[in-house]
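The values are calculated or read from the model by the stated rules, or taken from the named source; none is laboratory data. As the structure is a computational prediction, the values presented were derived from the model and not from experiment. Quick reminder, even Gly has a Cβ in these numbers, built from the backbone with ideal geometry, and neighbours come from all protein chains shown. To get the accessible areas, we keep the full protein, side chains included, count just its heavy atoms, and leave off ligands, DNA and RNA. Shrake-Rupley method; radii C 1.70, N 1.55, O 1.52, S 1.80 Å.
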Amino acid sequence: MATTLEDLPIRDDLRGQSPYGAPQKHVSVQLNVNENTHPVPQDVAEDIIASIRRALETVNRYPDREFTELRVSLAGYLGHGIVPEQVWAANGSNEVIQQLLQAFGGPGRSVLGFPPTYSMHSIIASGTGTRWIPAARDAAFRISPETAVAAVRQHQPDVVFLCGPNNPTGTPLDLATIEAVYDATDGIVMVDEAYAEFMPVGQPTALTLLDGRERLVVSRTMSKAFAFAGARVGYLAADPAVIDALRLVRLPYHLSALTQAAAVAALRHAPEMLAMVDDIRGQRDRMVTELRAMGYTPHETWSNFVLFGGVADPHAAFESLLDQDVIVRDLGIPNHLRVSAGTEAETTAFLDAMRRVAADQPPVRVGP
């Protein structure tokens with residue numbers, strides 16, 4: 001008989017839980033995990049490869065554990081007066097968030113979040129022994145300052161997680177809400193800005209609030225706008241004292257020399273890499289327009305994906321799309337599906353397939 005988790009002396013708080021994971025199916029049009037489906041430009045790829053090749057010449061030595069050059073590059077990319085001492089990086093933003101909870105959460109402490117939001121927030125909380133406290137959102141998945149502050153005052157968390165633009169809804173997050181939450185707590189406030197580059201041009205981000213707020217943390221990733229999901233590079237900006245706290249919990253040499261070299265090379269080409277963002281925004285807005293014309297109810301989105309309601313049977317619609325070689329995400333939100341913005345060809349394939357779904361399963365009215 002095969003051994004199961006229940007046969008092992010696993011932590012009691014992990015029993016019965018399921019690991020994170022979107023379905024991994026090999027189809028032609030993969031629009032289910034909010035990747036940047038555009039390939040890295042060839043000249044950029046060649047520079048990255050050359051940088052990795054140089055790093056391999058000394059790969060017998062441990063990497064720079066302070067990843068100095070990468071922090072300089074990230075600070076330059078972020079702007080807003082941010083200096084390298086305010087920047088931290090790790091293997092994807094998930095590890096950054098994990099280190100944050102290792103330092104400021106843990107047993108006997110709590111983190112407040114606002115579902116539906118990034119599912120890894122609660123999973124990382126569980127993995128670090130931090131109590132996860134879910135709080136309600138307002139209509140249309142937004143969070144007003146009043147709603148957020150009421151939740152903070154009720155629960156008195158040690159850490160607050162905000163997500164803007166929010167995953168999986170794409171909802172904007174007002175800076176006024178961040179400011180109000182910060183003023184209402186003595187704990188750490190983390191703003192997950194994984195999709196910040198897809199916000200409207202000129203829209204201020206939480207980075208503008210860092211000055212004078214030593215407990216505010218802004219998390220970013222290179223997975224989305226930089227088409228670097230496979231490289232696993234996430235980072236945050238915060239007060240240097242927060243960075244010192246993260247040094248206490250990080251594993252030695254946690255960022256490989258190859259990862260550092262690849263990320264620095266990609267950041268050298270930031271304008272070229274970000275040129276893809278405009279096209280992605282265009283395909284996202286095209287999906288919003290055409291889904292609405294089909295009778296669905298797409299939600300406002302500042303990200304690289306669209307959450308849309310009005311789906312009569314999300315599971316059946318998901319399977320129908322899969323049969324047409326297109327995969328999206330069924331998040332378990334009643335009458336909703338989520339789709340990532342792809343290339344023009346991928347977006348066309350999804351929209352054509354969705355029209356066939358609508359013909360078989362007419363959209364339904366959702367909400368008031």
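With each label modelled as a point 7 angstrom along the Cα→C-beta vector, the E319-D285 pair spans 3.8 nm.
Using a 1.4 Å probe, what is the accessible area per residue for the stretch 96-163, in Å²? I get 40 Å² per residue for the stretch 96-163. Measuring gaps between exposed loop sites in the chain (chymotrypsin sites (Phe, Trp or Tyr not before Pro); DSSP loop; at most 15 other Cβ atoms within 10 Å), the longest gap, sites not included, is 21-252. Computed across the chain, the Kirkwood hydrodynamic radius from all distinct Cα-Cα pairs reaches 21.7 Å.
A Cβ-based charge dipole, computed about the Cα centre of the chain with Lys and Arg at +1 and Asp and Glu at -1, lands at about 400 debye. With the convex hull constructed from alpha-carbon coordinates only, the stretch 239-355 shows a mean projected area of 10.8 nm² over all directions.
Averaging 1/r over each pair of different alpha-carbon atoms in the stretch 48-124 and inverting the result gives 15.4 Å, the Kirkwood hydrodynamic radius. The calculated FRET efficiency for the pair A345 and Q203, based on their C-beta separation and a Förster distance of 22 Å, comes to about 0.15.
Projecting label points 7 angstrom from Cα along Cα→Cβ for E57 and A270 puts them 2.7 nm apart. Once the Cα-Cα distance is subtracted from the 0.36 nm per residue extended length, the V83 to R153 segment shows a gain of 21.9 nm.
In deg cm²/dmol and to the nearest 500, what is the mean residue ellipticity at 222 nm of the chain if only DSSP H runs of at least 4 residues count, each as -39500 (n - 2.57), divided by the residue total? Result for the chain: -12000 deg cm²/dmol, rounded to the nearest 500. Taking amide H as placed 1.01 Å from N in the peptide plane, F305 has its amide H under 5 Å from the amide H of A341, each at least 5 places away in sequence or on another chain. Taking label points 7 Å from Cα along the Cα-to-Cβ direction, Y20 and D43 give a separation of 3.5 nm.
For the stretch 53-70, putting each phi into the Karplus relation 6.51 cos²θ - 1.76 cosθ + 1.60 with θ = phi - 60° gives couplings of 4, 5, 5, 5, 5, 10, 6, 6, 9, 5, x, 4, 5, 9, 5, 4, 5, 5 Hz, in residue order, rounded to whole numbers and with x for Gly and Pro.
Write out the trypsin sites (Lys or Arg not before Pro) in the stretch 1-101 meeting two conditions: DSSP loop, and at most 15 other Cβ atoms within 10 Å of their Cβ.
Listed in order of number, the matching sites are R11, R15, K25, R61, R65.
Using 0.36 nm per residue and subtracting the Cα-Cα separation, the extra length available between S119 and D7 on full extension is 37.6 nm. Taking GluC sites (Glu not before Pro) in DSSP loop conformation with at most 14 other Cβ atoms inside 10 Å as exposed sites, the chain has its longest uninterrupted site-free stretch at 215-368. Average accessible surface for the stretch 275-368: 41 Å² per residue, computed with a 1.4 Å probe over protein heavy atoms with every protein chain in place.
Average projection, convex hull of the Cα set of the stretch 251-319: 8.0 square nanometres. Divided by 2.2 N^0.38 Å, where N counts the residues, the Cα radius of gyration of the stretch 160-210 comes to 1.10. Between the alpha-carbon centres of the stretch 305-353 and the stretch 233-259 there is a gap of 36 Å. In whole percent, how big is the carbon plus sulfur part of the accessible area of the chain, probe 1.4 Å, protein atoms only? In the chain, the share of accessible area belonging to carbon and sulfur is 53 percent.
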